[in-house]
Amino acid sequence: MAGSTLASPIAEPVPERVGAPAPVSPGGETLRQFCRHRLAVAGSAILALMLLGVAFGPLLWAVPINDIDFSAHLAAPSWAHPFGTDDLGQDLLARMLYGGRISLSVGLAAMLMAIVAGTAVGAIAGMSHGSVDAALMWVTDLFLSLPPLPLLLLIIYLFLPPLKQLVGPELGTFILIVAVIGGFRWMQVARLVRAQFFSLREKEFVEAARALGIGSLRLVIRHILPNSLGPVIVAGTVDVAQAIIAESTLSFLGLGFPPDIPTWGRILFDAKDYLDIAPHWALFPGAAIFLAVLSINFIGDGLRDALDPRSAA
């Protein structure tokens, strides 16, 4: 019809449904699943308080850790000494706060070493075929078959004195204990990473990346490794707890840090002869080790459930 125009249809925007749930990112879903694990949340709170205490506690409770006061010999907990004192009258709260830095640092450093070494070995074995994979797994099985505690004692007995003379007693002991503990904890991580790589290297997204010409190194770093970190993170929490126990065991046996460096295990070792007359001396370091290991294990359980795709069902 003359003088008339046909209006072109314009698609009106579809209004969003009111109350529709917003999409959740994978990280947000993992955090939501983790927060549903009450023991993991409680463990995170306990560990956070312990980390804040050992980080800032010595600034608030500025008592010298080696300040001897024989007038306060084996004093019970009081306002002046909240955790009591030892046989030399040294304040146990100050020594616990200082020693917590070392004990927790040993656990974290040994865990990082075990994860880095185990991930490297597992990734190489998982991407290799034939003799390379067989050789790496043979070395892994060899380390798994070795008795850890006797070898820990032997290595520390042989190498700790010269290392102390080279870099100092505190740093030398820290380096050797971390190296020895981490050196006997990487095998489980290597086996986990190898199994994950075997499962992921045949997936469709890996085949698509290969078809696009992506190199092996970039394929591992950008595509396979990020998708295999879930079990590694869970294993890392276990390694932290095991490293704290191992350091405490070495210190309890008198082969850890020197007596003037009060780690939790060392304080427990010094208290063993006074359990009947001064039980508080052993109570606080024992409770600290127990709570640290228990909270880390709870966090590991929560991460295991949160990173398991079946837990979201």
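Ordering 146, 283, 93 by the number of other Cβ atoms within 10 Å of each residue's own Cβ, fewest first, gives 146, 283, 93. Among 186, 61, sorting on how many other beta-carbon atoms sit within 10 Å of each Cβ, with the fewest leading, yields 61, 186.
In µm²/s, what is D for segment 134-203 at 37 °C and 0.692 mPa s, where D = kT/(6 pi eta Rh) by Stokes-Einstein and Rh is the Kirkwood radius from Cα pairs? The Stokes-Einstein estimate is 235 µm²/s. Modelled this way, with points 7 Å down the Cα-to-C-beta line, the labels at residue 112 and residue 273 are 3.8 nm from one another. Amide H to amide H distances under 5 Å link residue 91 with 67, where only residues 5 or more positions off or on other chains count and H is placed in the peptide plane. What you get for the chain, charging only the Cβ of Lys and Arg (+1) and of Asp and Glu (-1), is a dipole of about 960 debye around the Cα centre. Each residue, residue 166 and residue 68, gets one label point 7 Å from its Cα in the Cβ direction; the gap between the two is 3.3 nm. Across all Cα pairs in the chain, the calculated P(r) in 10 Å bins from zero up to the longest distance comes to 5, 20, 25, 21, 13, 7, 4, 2, 1, 1, 0, 0 percent per bin.
Fully extending the segment from residue 211 to residue 132 would add 26.0 nm, taking 0.36 nm per residue of separation and subtracting the current Cα-Cα distance. Which listed residue (183, 252, 66) has the Cα farthest towards the positive end of the charge dipole for the chain, taking +1 on Lys and Arg C-beta and -1 on Asp and Glu C-beta about the Cα centre? Of the listed residues, the answer is 183. For the chain, the residue among 118, 132, 269 whose Cα projects farthest onto the positive side of the dipole built from Cβ charges is 132. Modelled spin-label separation between residue 52 and residue 233, with each label point placed 7 Å from Cα along the Cα-to-Cβ direction: 2.3 nm. Per residue and in Å³, how big is the convex hull formed by the alpha-carbon atoms of segment 74-181? Given the Cα convex hull of segment 74-181, per-residue volume reads 147 Å³.
Each Cα pair under 8 Å and six or more residues apart adds its sequence gap; the mean of these over the residue count of the chain is a relative contact order of 25 percent. A Förster radius of 22 Å, combined with the Cβ-Cβ distance separating residue 290 from residue 45, puts the computed FRET efficiency at roughly 0.85. Taking other C-beta atoms within 10 Å as the exposure proxy, 204, 170, 247 rank 204, 170, 247 from fewest upward.
Any read-out appearing in this document is the output of simple, stated calculations on the displayed coordinates, not a laboratory observation. No experiment lies behind these values; they were computed from the predicted model shown. Heads up, the Cβs are rebuilt from the backbone with ideal geometry, glycines too, and the neighbour counts pull from every protein chain shown.
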